[in-house]
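This report refers to the structure that appears directly beneath it.
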Amino acid sequence: MGETRLVEVEGKELKLSNLDKVLYPKAGFTKGEMVDYYAKVAPAIVPHLSGRAVTLRRFPEGVEDLDAAFFEKRCPKHRPKWVKTAKVQAGPRAGVIEFCVCDSLPTLVWMAQLAALELHPSLSKSRAPKRPTVVAFDLDPGPPADVVDCARVGLRLREVLSQLKLESFVKTSGSKGMQLYVPLNTKTSYEETRPFAQALAQLIAKGDPENILAKMGKKTDRSGKVFIDWYQNNERKTTISVYSLRARERPTCSTPVTWDEVETVADSGDGSKLVFEAGDVLERIEQHGDLFAPVLELEQELPQL
């Protein structure tokens, strides 16, 4: 079972167990190291999770045991009294679900104790579930396309957005691709953001149909193409949080990057420059602060297309 430790985090008592359990066998990265990463990254990640319904992706037996892994939307009943929740209409079949909300270091550490490696928040705050705070584009490469191809597509997207006088911010997915966020933080709805994202994705795909896709179907051949997933702009969907760990071979994280870094990768063809593990992320925050902070504050309005 491994030892159990009682710790106090900002006045809240937490039981931490199995800290020596290896969650990433290829890297020898333990649950204790995972809890430590989330505790240290809390000042950067908590503002991006705060006030939002979060879906947990839990890996109790580590990243290689996918049979034991599961997505958890409903906040566990055995949660401490101080963990906040939000009731959200999760679709006609699911009805109203009480999601966890992570607005503090103790809650984040508690989630880490559950082996919730991946944190997937909604694009909207739970008090206004129909009002997204961003437009999100998920760039997903179909092999042999990779993150370098995503970087090139991301730069095209950024160019079109800046012609529309919209600033955008980019992060690695921590997995194979990248995500581009356009902060809004103004009154809007998914009925506005989704068609906008779709129109933009289709425009860019039309310019390079050999390499870019904006539509998915069962028979779509994705090999060698980057899919611009605009379907993320939906109140029922969640997207991997910035600074969240990913369940890959190594403890990589969804990491904000600068557009200069994206350009360097697009020019050099070296995608390894966009791979960051837990330790790298903490060093980057020390160096640059939270590169995704403007996503929380910047107010922009979508133009009529």
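The values are calculated or read from the model by the stated rules, or taken from the named source; none is laboratory data. Source: prediction; values computed, not measured. Cβ: placed from backbone, ideal geometry, glycine included. Neighbour counts: every protein chain shown. Quick note on the areas: whole protein, heavy atoms, side chains included, nothing else; ligands and nucleic acids left out. Shrake-Rupley method; radii C 1.70, N 1.55, O 1.52, S 1.80 Å.
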Check segment 99-121 and report whether any residue there is open to solvent by 10 Å² or more (accessible area, probe 1.4 Å), assigned to a strand (DSSP E or B), polar (S, T, N, Q) and closer than 18 Å to Pro47 by Cβ. no
If a residue must be out of contact with any Pro (no Cβ under 7 Å at 6 or more places or on another chain) and either within 25 Å of Gln202 (Cα to Cα) or of a type in the set (Lys, Arg) (or both), how many such residues does segment 272-298 contain? 2
Among the residues of segment 211-221, is there at least one that is closer than 21 Å to Ser175 by Cα and among the hydroxyl-bearing types (Ser, Thr, Tyr)? no
Among the candidates Gly91, Gly51, Gly32, residue that is modelled with pLDDT under 95, open to solvent by less than 60 Å² (accessible area, probe 1.4 Å), out of contact with any Phe, Trp or Tyr (no Cβ under 8 Å at 6 or more places or on another chain) and not in a strand (DSSP E or B): Gly91
Looking only at segment 273-293, how many residues end up being closer than 25 Å to Val134 by Cα, exposed (fewer than 15 other Cβ atoms within 10 Å of the Cβ) and of a type outside the set (Gly, Ala, Ser)? 1
Looking only at segment 67-78, count how many residues are closer than 27 Å to Pro256 by Cα and surrounded by fewer than 18 Cβ atoms within 10 Å (Cβ to Cβ). 4
Across segment 135-166, the tally of residues that are under 10 Å from Leu180 (Cβ atoms) and in contact with a Ser or Thr (Cβ under 9 Å, 6 or more places away or on another chain) stands at 10
Segment 25-38 residues that are within 14 Å of Leu114 (Cα to Cα), paired with ones that are among the basic types (Lys, Arg) (beta carbon under 9 Å, 6 or more apart): Thr30/Lys21; Lys31/Lys21; Gly32/Lys21
Among residues of segment 131-154 being touching a strand residue (DSSP E or B) at 6+ places or on another chain (Cβ under 7 Å) and assigned to a loop (DSSP other than H, G, I, E, B), the residue farthest from Lys87 (Cα to Cα) is Ala145
Among the residues of segment 247-267, is there at least one that is open to solvent by less than 70 Å² (accessible area, probe 1.4 Å), free of Cβ contacts under 8 Å to residues at least 60 places away in the same chain and in a helix (DSSP H, G or I)? yes
Subset tally (residues that are closer than 16 Å to Ala145 by Cβ, in a helix (DSSP H, G or I) and free of Cβ contacts under 8 Å to residues at least 40 places away in the same chain) for segment 199-214: 1
